[in-house]
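Taken together, the values in this text are just the output of simple stated rules run on the coordinates, not laboratory data. Not measured: the values here are computed from a predicted model. Cβ sites come from the backbone with ideal geometry, for glycine too, and all protein chains shown count toward neighbours.
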Amino acid sequence: MHLLSFLFEKHLDKTVLAIAVALAIVLLSVGDQSQIRAARAITSVLLYPVNRVTGSFASVESLKQENGELRAMVVTLYQERERLLQFGEERNRLRKLLDLKADTFHRFLSCEVIERSSSPYVHSITVDRGASDSVRAGMAVVNYRGLVGRVSQVFPWSSQVLLLNNKSISVSCADRRSRVVGMLEWDRGNYFRLEYVGKEEDVIVGDTLITSGLGLLFPKGFPVGTVFQITDEKGGIAKRVRVASLASLDALEELFIVTGEKEWNDTGLLDELEKFQVKRTHAR
Amino acid sequence: MNVVRIVFVALVVFVIQVTAIHRIAIAGCTPDLTVILLVALVLERGPVLAVVIGFLLGFLQDLGNASLLGMNALAKSVLAYGVSRVGGGLLPENVLFKGFIVFAACILNDVIVLPIATSFSVGEMVVSFFRYSLLSALYSALVGICIFVLLELLTRRVVRPGGGY
């Protein structure tokens with residue numbers, strides 16, 4: 001009784017603090033168990049409507065500007081696509097001659113960022129696609145410039161994405177020009193280091209890095225960053241290669257989840273786009 | 001303000017912090033509304049309720065983020081207690097002092113969070129502290145001062161000519 005009176009009457013504030021600290025330490029030592037995943041899923045479901053509402057506010061001016069930029073981009077991409085289709089057909093004919101497997105392309109699911117981590121030290125976002133859209137943990141997430149991150153947790157209508165600058169993510173990358181492979185690790189901001197690159201390896205400033213597909217964590221061929229500085233490590237056998245991310249990781253809006261693969265000549269998305277264009281022309 | 005209202009306000013602050021606050025980010029730094037709320041609670045209601053609300057808010061933040069569970073809960077509980085010990089009895093009515101307390105509380109929060117978030121990597125801790133913590137703390141202090149002034153204006157009792165309120 002004396003002890004209780006001492007703890008909860010004389011030193012109530014210290015006792016409450018001690019209980020809170022002890023609970024926090026217990027929580028820190030508990031791993032990512034199923035109950036915690038369930039609690040995170042419930043929080044995500046509860047926050048989803050608020051995220052949708054706050055995410056829908058945007059100024060008319062910025063929408064107009066974005067629309068103009070997107071139209072210009074669509075025209076450029078149409079032309080680029082025509083050129084690539086010709087290359088693609090030629091490439092697949094040659095691969096067939098060599099008895100290699102036909103090329104496939106990625107299937108994308110568009111999504112929007114509805115929440116950013118409220119802590120600047122935890123680099124994660126939440127997007128508005130979840131288990132109801134067949135999203136699974138481990139899927140890669142890209143934007144139109146390149147790789148952005150990976151789905152870490154899937155909730156009913158949303159998913160949590162760990163960004164490339166999250167400490168727990170390493171990406172196996174290849175130099176697009178010389179095919180030298182290394183591991184990309186976050187340094188600070190939008191900058192990364194390409195580790196395990198030997199002194200004699202052919203990597204130069206300006207080279208673009210793409211995902212190598214090794215380790216099967218990320219699909220092959222997505223642009224990741226550009227090499228902007230190379231220095232030799234003193235007395236070491238490796239190069240210090242610094243890389244700037246292509247995607248601006250602190251200003252992400254519209255993204256794509258890589259949900260699978262499709263045949264090279266599958267033109268479903270383009271057909272949809274053309275249907276949309278025809279509909280708009282008729283509406284005018 | 002009774003406890004139910006405080007819990008309601010805390011939940012509203014949490015929702016704004018997690019869902020909308022990034023829209024007013026400056027150079028990637030956002031004000032921490034939960035710290036401002038905790039400072040207000042400590043100065044108004046003492047440490048016990050502030051520690052409890054701090055723990056709950058931190059826990060909810062941990063659930064809403066991909067952070068380690070318990071990281072923010074620990075930081076918010078300790079900072080609520082720390083603010084009550086240091087700032088409770090000095091100049092509780094002075095708005096600038098409250099702003100300074102918010103600044104110090106944000107710094108204390110990051111001093112606790114950073115080692116855990118960076119897995120005790122000294123280089124990353126130093127870079128993150130100078131890159132984010134200082135600016136975020138300053139931003140929070142300025143937003144805190146605005147909120148405290150606004151609350152003071154809203155809750156100020158008007159003295160009538162007759163002498164009564």
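Taking θ as phi - 60° and the Karplus parameters 6.51, -1.76 and 1.60, the scalar couplings of region B:126-143 work out to 5, 4, 5, 5, 6, 7, 10, 4, 4, 5, 4, 5, 5, 4, 4, 4, 5, 4 Hz in sequence order, x denoting glycine and proline.
The slack between B:Val127 and B:Glu93, meaning 0.36 nm per residue of separation minus the straight C-alpha distance, is 8.7 nm. Restricting the calculation to Cα atoms, the protein assembly as shown shows an Rg/Rh of 1.05 when the hydrodynamic-style radius is the Kirkwood one.
State the volume of the convex hull built on the alpha-carbon positions of region A:91-138, expressed per residue in Å³ and rounded to an integer. Display every interim value, and only then the final one.
On the way: hull volume 7.1 nm³, N = 48.
Each residue corresponds to 147 Å³ of Cα convex hull volume.
Within 10 Å, count the other beta carbons around each residue, average over each peptide in A:44-52, A:91-99, and list them highest first.
Details: A:44-52: 17.7, A:91-99: 10.4.
Highest-to-lowest ranking by the protection proxy: A:44-52, A:91-99.
Separation of region A:95-162 from region B:40-107 is 36 Å, based on Cα centroids.
What is the antiparallel percent of DSSP beta bridges lying wholly in chain A, to the nearest 5? Write down the numbers at each step before the final one.
Working: 53 of 53 bridges.
In chain A, approximately 100 percent of DSSP beta bridges are antiparallel ones.
Please give the average number of partner chain Cβ atoms lying within 10 Å of the Cβ of each residue in B:45-51, rounded to a whole number. Could you put the intermediate results ahead of the total?
On the way: counts 0, 2, 5, 6, 2, 3, 10.
Neighbouring Cβ atoms belonging to other protein chains average 4 per residue here.
3J(HN,Hα) couplings calculated from phi for region A:133-138 with the Karplus curve 6.51 cos²θ - 1.76 cosθ + 1.60 (θ = phi - 60°) are, in sequence order, 9, 6, 7, 10, 4, x Hz; Gly and Pro show x. Taking 14 Å as the cut-off, no amide N atom of region A:59-87 comes nearer than this to a point 7 Å along the Cα-to-beta-carbon line of A:Lys275. Remark: mean inter-chain Cβ contacts per residue of A:40-51 equal 3, using a 10 Å Cβ-Cβ cutoff to other protein chain atoms.
Residues B:Leu153, B:Leu96, A:Leu209, A:Leu85, ranked from the fewest to the most other C-beta atoms within 10 Å, line up as B:Leu153, B:Leu96, A:Leu85, A:Leu209.
Calculate the FRET efficiency for B:Asn2 and A:Met73 from the Cβ-Cβ distance with a Förster distance of 56 Å, rounded to the nearest 0.05. Please report the intermediate quantities before stating the final value.
Values: r = 55 Å, r/R0 = 0.98.
Efficiency, rounded to the nearest 0.05: 0.55.
Projecting label points 7 angstrom from Cα along Cα→Cβ for A:Ala39 and B:Arg45 puts them 2.1 nm apart. Listed values for region B:20-26 are Karplus-derived 3J(HN,Hα) couplings in whole Hz (6.51 cos²θ - 1.76 cosθ + 1.60, θ = phi - 60°), namely 10, 5, 5, 6, 10, 5, 10, and x replaces Gly and Pro. Taking a point 7 Å out from the Cα of A:Arg177 in the direction of its Cβ, the residues of region A:223-237 whose backbone N falls within less than 13 Å of it are A:226-230.
Close amide H partners of A:Ser152, meaning residues 5 or more places away or on another chain with modelled amide H under 5 Å apart, are A:Gly138, A:Gln160, A:Val161, A:Leu162.
Residues whose amide H falls under 5 Å from that of A:Glu195, counting only those 5 or more places apart or on a different chain, are A:Met183, A:Leu184, A:Glu185, with hydrogens built in the peptide plane. Label positions at A:Tyr196 and A:Arg83, each projected 7 Å from the Cα along the C-beta direction, are separated by 3.5 nm. Label separation (B:Ala27 vs B:Val111): 2.2 nm, computed from points 7 Å beyond Cα along the C-beta direction.
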